[in-house]
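Student: The structure's right below; bear with me while I get my questions together.
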Amino acid sequence: MSHRTAARPAPAEHPPANFLTELVPLLGIPDLATLTPDQAAGRACVWGGGQLRLDTAVDLGETQHEGVHVFPQSCWPCIASRAYLALGPHSINCEPCHDRDHWRDCPIGGALHQLRVDALAAVRGAC
């Protein structure tokens, strides 16, 4: 299995600079054993399964599964959806996330919210 990565000329093509790698597990990447070959190679979105373009795919980080390199990537609409879905379970036990005036004080809740906003902006910019 081979994988080529595109040059990263524009920040809208990849996670924003403030994208925390700690957020990736919260987004719920599917079990690597269930990915199709295109999803494992980064040619299709790990959640929606749609074909990705090198210039708009969101790189979720290389990993290994049973000794094989896997390159999960996503489209921006799925990133927005997954960030929104991750915010609920996170905020259940997060005091700052319950406070309308202080939710931005939580590094995870604030980052998930910002990731969703950035992803939705990227989607609008692609249309």
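The values are calculated or read from the model by the stated rules, or taken from the named source; none is laboratory data. The shown structure was predicted, so the numbers you read here are calculated from the model rather than taken from an experiment. Here the Cβ is made from the backbone with ideal geometry for all residues, glycine too, and neighbour counts use every protein chain on show. Accessible surface is based on the protein model in full, side chains and every heavy atom, while ligands, DNA and RNA are left aside. Shrake-Rupley method; radii C 1.70, N 1.55, O 1.52, S 1.80 Å.
Student: Within the stretch 100-119, can you find the residues that are open to solvent by less than 70 Å² (accessible area, probe 1.4 Å) and closer than 17 Å to Val24 by Cα? If you could, list the steps in order and put the result at the bottom.
Tutor: Of the stretch 100-119, the ones open to solvent by less than 70 Å² (accessible area, probe 1.4 Å) are 103, 106, 108-115, 117-119.
The answer is Cys106, Ile108, Gly109, Gly110, Ala111, Leu112, His113, Gln114, Leu115, Val117, Asp118, Ala119.
Student: I'm trying to understand the selection: among the residues of the stretch 59-93, which are aliphatic (A, V, I, L, M) and within 17 Å of His113 (Cα to Cα)? Show your work before the answer.
Tutor: Initial filter on the stretch 59-93 (aliphatic (A, V, I, L, M)): 60, 68, 70, 79-80, 83, 85-87, 92.
Answer for the stretch 59-93, where residues must be aliphatic (A, V, I, L, M) and within 17 Å of His113 (Cα to Cα): Ile79, Ala80, Ala83, Leu85, Ala86, Leu87, Ile92.
Student: While we're here: Identify, by number, the condition in (1) open to solvent by less than 40 Å² (accessible area, probe 1.4 Å); (2) without any contact (Cβ under 8 Å) to a residue 60 or more places away in the chain; (3) within 17 Å of Leu27 (Cα to Cα) that Cys97 doesn't meet.
Tutor: Going through (1) open to solvent by less than 40 Å² (accessible area, probe 1.4 Å); (2) without any contact (Cβ under 8 Å) to a residue 60 or more places away in the chain; (3) within 17 Å of Leu27 (Cα to Cα) one by one, Cys97 breaks only (3).
Student: Oh, and also: Restricting attention to the stretch 28-87, which residues are of a type in the set (Lys, Arg) and over 12 Å from the mean Cα position of the chain (by Cα)?
Tutor: Taking the stretch 28-87 first, the residues of a type in the set (Lys, Arg) are 43, 53, 82.
Hits for the stretch 28-87 are Arg43, Arg53.
Table: residues versus (1) under 25 Å from Asp55 (Cα atoms); (2) at pLDDT 90 or above.
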site: Tyr84; (1), (2): yes, yes
site: Ser91; (1), (2): no, no
site: Cys94; (1), (2): no, no
site: Gly110; (1), (2): no, no
site: His113; (1), (2): yes, no
site: Leu120; (1), (2): yes, yes
site: Val123; (1), (2): yes, no
site: Ala126; (1), (2): yes, no
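Student: Specify which of the listed residues (Gly61, Gly67, Gly50) is open to solvent by 50 Å² or more (accessible area, probe 1.4 Å) and at pLDDT 85 or above. Explain how you work it out, then say what you get.
Tutor: On the way: Gly61 fails: open to solvent by 50 Å² or more (accessible area, probe 1.4 Å); Gly50 fails: open to solvent by 50 Å² or more (accessible area, probe 1.4 Å).
The match here is Gly67.
Student: For the stretch 74-88, state whether one or more residues are assigned to a loop (DSSP other than H, G, I, E, B) and either in contact with a strand residue (DSSP E or B) (Cβ under 9 Å, 6 or more places away or on another chain) or acidic (Asp, Glu) (or both). Give the steps one after another, and end with the answer.
Tutor: Here is the first cut: in the stretch 74-88, the ones assigned to a loop (DSSP other than H, G, I, E, B) are 75.
When the remaining residues are screened for being either in contact with a strand residue (DSSP E or B) (Cβ under 9 Å, 6 or more places away or on another chain) or acidic (Asp, Glu) (or both), the result is 75.
Checking the stretch 74-88: at least one residue is assigned to a loop (DSSP other than H, G, I, E, B) and either in contact with a strand residue (DSSP E or B) (Cβ under 9 Å, 6 or more places away or on another chain) or acidic (Asp, Glu) (or both).
Student: Just give me the residues in the stretch 96-110 being under 19 Å from Glu22 (Cβ atoms) and either part of a helix (DSSP H, G or I) or of a type in the set (Asp, Glu) (or both), in sequence order.
Tutor: First, pick out the residues of the stretch 96-110 that are under 19 Å from Glu22 (Cβ atoms): 96-97, 103-110.
Hits for the stretch 96-110 are Pro96, Cys97, Trp103, Arg104, Asp105, Pro107, Ile108, Gly109, Gly110.
Student: If you don't mind, another one. Enumerate the pairs (first residue in the stretch 17-46 and over 19 Å from Asp118 (Cβ atoms) and modelled with pLDDT of 90 or more; second residue anywhere and among the charged types (D, E, K, R) and assigned to a helix (DSSP H, G or I)) with beta-carbon separation below 7 Å, excluding pairs fewer than 6 apart on the same chain, so at least 6 apart or on different chains.
Tutor: Ala44/Asp38
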